[in-house]
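Colleague: Starting off with a structure, shown below.
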Amino acid sequence: MDLKSNQASPVLTDPAPINKSRLGIPSRLPYTQQAASFSSSKYMTIPRKKPGKLDDVRSNGWLDAMKSSSPPRKKLIKDFNFEVASDDADFAHFSWMLKYPSALNSFEKISNYAKNKKMAIFLDYDGTLSPIVDDPDRAIMSNEMRSAVRNVAKYFPTAIISGRSRDKVYNLVELTELYYAGSHGMDIMGPLSRTLADDHPNCIKSNGQQGKEVKLFQPAQEFLPLIDENWPIIAQCVHDVLKGYPRLRLTHGRKVLEVRPVIDWNKGKAVEFLLESLGLSNRNDVLPIYIGDDRTDEDAFKVLREDNRGYGILVSSVPKETNAFYSLKNPEEVMKFLNSLVTWKQQEESEC
């Protein structure tokens with residue numbers, strides 16, 4: 001007898017309604033509660049027993065032993081006029097994909113909305129353009145990925161926004177035609193030939209890599225001496241030392257502790273700054289797309305979701321809550337998506 005059969009049948013429900021009309025997305029996902037409901041008539045109901053007996057079973061570990069030795073429970077997923085037998089993990093992933101569809105499978109919808117719009121591309125580095133590895137210095141993007149990013153930059157303003165230092169991420173990518181925002185957007189570099197907030201007090205001209213003059217934007221520039229002065233101490237006893245530096249705060253990245261100045265700045269702010277510098281803010285004919293995999297990318301996803309300004313695409317092979325609209329499984333799918341953008345743009349220009 002399957003003791004789990006007294007559980008209520010799962011029901012897929014719509015997420016909270018979001019105004020997506022500006023992005024060309026219907027206000028609700030294309031399935032209904034009725035279509036995704038599961039009939040409970042096929043399941044036998046076990047009467048609820050008084051406390052005591054079942055608790056004794058649990059305490060002796062018998063129930064857990066029975067569950068672990070039983071085959072995984074299967075669910076019948078009914079949606080879009082097809083049926084799929086699925087265990088718990090598959091069902092959870094299926095439900096998540098309904099909420100955050102594949103950007104590759106949804107490419108036609110994305111490209112249709114992008115027609116006659118100026119598109120800007122924002123990319124995280126680790127886990128998006130390169131695989132996640134134990135040694136960050138070995139997170140090398142492939143030549144094929146570098147080519148895909150270079151081709152995208154030919155048609156759309158393209159920026160890489162990373163938690164790494166700006167110089168570090170540039171040395172990994174080595175494409176001079178991109179914008180680079182390091183340290184979660186606190187250190188931004190752009191090609192001199194393009195506009196980058198010339199009148200901002202923290203925007204300066206400098207000699208960049210390969211001897212080329214570039215523009216730098218560092219909103220936390222005044223904090224650099226403070227961080228440099230205290231870094232050896234912070235590295236040894238970061239938690240204790242930061243108590244004496246209220247102008248610095250500690251945040252957690254992937255397997256690292258990050259010390260940041262107390263300033264309202266993140267990847268979302270960097271996206272807003274770059275859009276404004278490019279003259280793409282407050283316009284209805286602009287479609288920003290941000291692709292990232294990390295918790296810190298959520299700030300950028302949130303900015304694009306607010307007022308339906310653009311598409312956030314989460315790179316993840318497992319379900320997780322996100323402010324993104326779409327998903328991709330891994331860097332390989334990211335590369336396919338970028339190549340699809342280039343092909344679509346080339347076809348669009350050839351038709352003009």
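The values are calculated or read from the model by the stated rules, or taken from the named source; none is laboratory data. Computed from a predicted model, the values in this text were never measured in an experiment. Ideal geometry is used to build each Cβ from the backbone, glycine not excepted, and the neighbour counts take in all protein chains shown. Heavy atoms of the whole protein, side chains included, go into the accessibility calculation; ligands, DNA and RNA do not. Shrake-Rupley method; radii C 1.70, N 1.55, O 1.52, S 1.80 Å.
Colleague: Return the residues of segment 142-166 that are in contact with a Pro (Cβ under 8 Å, 6 or more places away or on another chain) and either open to solvent by less than 10 Å² (accessible area, probe 1.4 Å) or outside the structural domain of ASP297 (by the TED database) (or both); say none if nothing qualifies.
Modeller: MET145
Colleague: Criterion first (open to solvent by 40 Å² or more (accessible area, probe 1.4 Å) and not in a loop (DSSP other than H, G, I, E, B)) does GLU349 satisfy it? Lay out the reasoning, then the answer.
Modeller: On the way: open to solvent by 40 Å² or more (accessible area, probe 1.4 Å): yes; not in a loop (DSSP other than H, G, I, E, B): yes.
Judged against the criteria, GLU349 is a match.
Colleague: Somewhere in segment 263-282, is a residue in a strand (DSSP E or B) and closer than 26 Å to GLY190 by Cβ? Steps first, please.
Modeller: Looking only at segment 263-282, we keep the residues that are in a strand (DSSP E or B), and these are none.
Scanning segment 263-282, I find no residue that is in a strand (DSSP E or B) and closer than 26 Å to GLY190 by Cβ, so the answer is no.
Colleague: Out of the residues in segment 87-133 that are among the small types (Gly, Ala, Ser) and in a loop (DSSP other than H, G, I, E, B), which is surrounded by the fewest Cβ atoms within 10 Å (Cβ to Cβ)? Talk me through it step by step, then tell me what you get.
Modeller: From segment 87-133, those among the small types (Gly, Ala, Ser) are 89, 92, 95, 102-103, 106, 111, 114, 120, 127, 130; that's our starting set.
Of the ones still in play, those that are also in a loop (DSSP other than H, G, I, E, B) are 103, 106, 127.
Working: ALA103: 26, SER106: 17, GLY127: 20.
For segment 87-133, the residue satisfying everything is SER106.
Colleague: From the list LEU314, LEU304, LEU278, LEU274, which residue is within 27 Å of SER106 (Cβ to Cβ) and open to solvent by 40 Å² or more (accessible area, probe 1.4 Å)?
Modeller: Numbers: LEU314 fails: open to solvent by 40 Å² or more (accessible area, probe 1.4 Å); LEU304 fails: open to solvent by 40 Å² or more (accessible area, probe 1.4 Å); LEU274 fails: open to solvent by 40 Å² or more (accessible area, probe 1.4 Å).
The conditions single out LEU278.
Colleague: Give the residues of segment 167-184 that are farther than 21 Å from LEU275 by Cα and open to solvent by less than 10 Å² (accessible area, probe 1.4 Å), sorted by residue number. Before you say what the answer is, go through the steps one by one.
Modeller: Pass one, segment 167-184, residues farther than 21 Å from LEU275 by Cα: 167-168, 171-174.
Scanning segment 167-184 gives a single hit, VAL173.
Colleague: Yes or no: VAL334 in contact with an Asp or Glu (Cβ under 6 Å, 6 or more places away or on another chain) and at pLDDT 95 or above?
Modeller: Details: in contact with an Asp or Glu (Cβ under 6 Å, 6 or more places away or on another chain): no; at pLDDT 95 or above: yes.
Here the answer is no, as VAL334 does not meet what is asked.
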